[in-house]
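These notes concern the structure reproduced below.
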Amino acid sequence: MNCDLAHERIAIAAYAELPDDEVHELERHLNGCENCRTEREQVTALQVLASAYPVEEPDANLIARARLRLDEALDALPPRRWYERWGQRLRNSAAGLREAPVMTLLILALGAGAGGFGGYRLARQHHVPSPSAPAMSAAASQLPTQPNDQALPNLAGVAAVTVVAPRPNSEQVDVTYSQVVPHHLTGSLDDSAVRQLLMIGMENQASARVRSESVRLLAHECQLGHSCQPSGIRDALIVALRYDPSSAVRQIALQGLEPYVAQDLRVRDAVLESLMTDSDPQIRATSISLLQPVEADTSVRQVLSSVSNSDENPHIRYVSRQILSQVPEIQ
């Protein structure tokens with residue numbers, strides 16, 4: 001095995017996708033090559049460093065577009081013939097052929113035989129008489145065609161046109177296109193798949209209606225206390241409260257978090273952040289009312305004190321002072 005092939009297999013082995021026999025071959029090479037051992041150590045260190053950062057899930061639309069482009073690229077590749085695949089295997093195994101002279105001779109003999117057979121096939125193709133022009137016209141006339149009044153396909157889900165091929169001597173054209181096929185799921189809000197789809201719907205920046213309805217349904221589940229776990233729906237509502245561009249969606253998310261302000265510090269911090277930074281006075285006023293049961297908390301008192309003295313909205317200042325007046329021994 002040469003170093004170039006070893007570097008390629010080191011990268012594949014890092015993702016545990018290298019076959020066992022190639023793993024053993026790579027290990028034998030690494031035992032005698034210091035440069036390749038250093039390369040593997042660097043790849044391992046990079047993996048350890050990358051694992052220290054959280055993995056962000058890609059957007060669903062991005063995955064769909066990437067899959068479509070990959071399919072298009074694979075469709076555009078010409079099919080590989082058997083001798084091309086065999087040649088690739090020969091190149092991958094070239095480094096080990098020096099250690100197996102008998103196998104080398106065998107492969108060379110097979111290659112010579114395959115080359116002779118290929119030459120024979122090529123010579124026969126060159127001697128096949130070409131069809132006459134009338135015969136070609138008759139064959140073209142027998143190609144299957146579709147009527148001009150064919151039913152118009154559903155073009156709403158077309159993602160890309162991949163092939164346009166006019167038919168010779170005809171007004172017909174073949175168009176190949178890809179579609180993102182929608183799927184449908186019906187289930188209760190207790191269904192984990194339905195919940196996962198609703199959390200994905202909360203990220204749909206193209207449709208405020210989808211986001212609003214998804215947040216509303218999940219917030220209602222949290223208000224009822226139905227499996228609103230911190231690492232699931234509750235986190236999604238916190239993200240919606242902080243970053244959703246619609247004030248109506250943020251208001252719904254805030255109401256869904258209400259039952260957890262007293263027990264979950266992360267929820268409390270999100271509500272405090274909303275009180276200090278949200279641009280909608282109604283959301284800030286709602287945040288104050290949600291914080292009232294925990295107004296004795298030091299961080300809550302500090303934020304309310306700051307808001308009561310410096311907020312631009314007089315109603316917000318007034319409500320904050322009213323709540324602070326009910327708390328004894330404010331420091």
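Yes/no per residue for (1) outside any helix (DSSP H, G or I); (2) of a type in the set (Val, Ile, Thr); (3) closer than 27 Å to Glu213 by Cα:
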site: Ile238; (1), (2), (3): no, yes, yes
site: Leu254; (1), (2), (3): no, no, yes
site: Ser306; (1), (2), (3): no, no, no
site: Asn309; (1), (2), (3): no, no, no
site: Arg321; (1), (2), (3): no, no, no
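Before we move on, is Asp278 in contact with a helix residue (DSSP H, G or I) (Cβ under 7 Å, 6 or more places away or on another chain) and acidic (Asp, Glu)? Talk me through it step by step, then tell me what you get.
Details: in contact with a helix residue (DSSP H, G or I) (Cβ under 7 Å, 6 or more places away or on another chain): yes; acidic (Asp, Glu): yes.
Taking the combined requirement at face value, the residue satisfies it.
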Picking from Ala248, Ala236, Ala208, which residue would you name as being at pLDDT 90 or above and either surrounded by fewer than 16 Cβ atoms within 10 Å (Cβ to Cβ) or in the same structural domain as Gln282 (by TED's automatic domain parsing) (or both)?
Ala248
Only one of Leu224, Leu198, Leu237 is over 25 Å from Glu57 (Cα atoms) and without any contact (Cβ under 8 Å) to a residue 24 or more places away in the chain, namely Leu224
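Conditions tested, residue by residue: (1) outside any loop (DSSP other than H, G, I, E, B); (2) under 18 Å from the mean Cα position of the chain (by Cα); (3) at pLDDT 75 or above; (4) closer than 30 Å to Ile200 by Cβ.
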{"site": "Val23", "(1), (2), (3), (4)": "yes, no, yes, no"}
{"site": "Tyr53", "(1), (2), (3), (4)": "no, yes, no, yes"}
{"site": "Glu56", "(1), (2), (3), (4)": "no, yes, no, yes"}
{"site": "Ala66", "(1), (2), (3), (4)": "yes, yes, yes, yes"}
{"site": "Arg80", "(1), (2), (3), (4)": "no, no, no, no"}
Just the residues that are over 19 Å from Ser247 (Cα atoms), loosely packed, with under 13 Cβ neighbours inside 10 Å and at pLDDT 80 or above, please, taken from the range 273-309.
Asn309
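The values are calculated or read from the model by the stated rules, or taken from the named source; none is laboratory data. A quick note: this is a predicted structure, and the numbers were derived from the prediction, not measured. Counting neighbours? That spans all protein chains shown, and the Cβs are built from the backbone with ideal geometry, glycine included.
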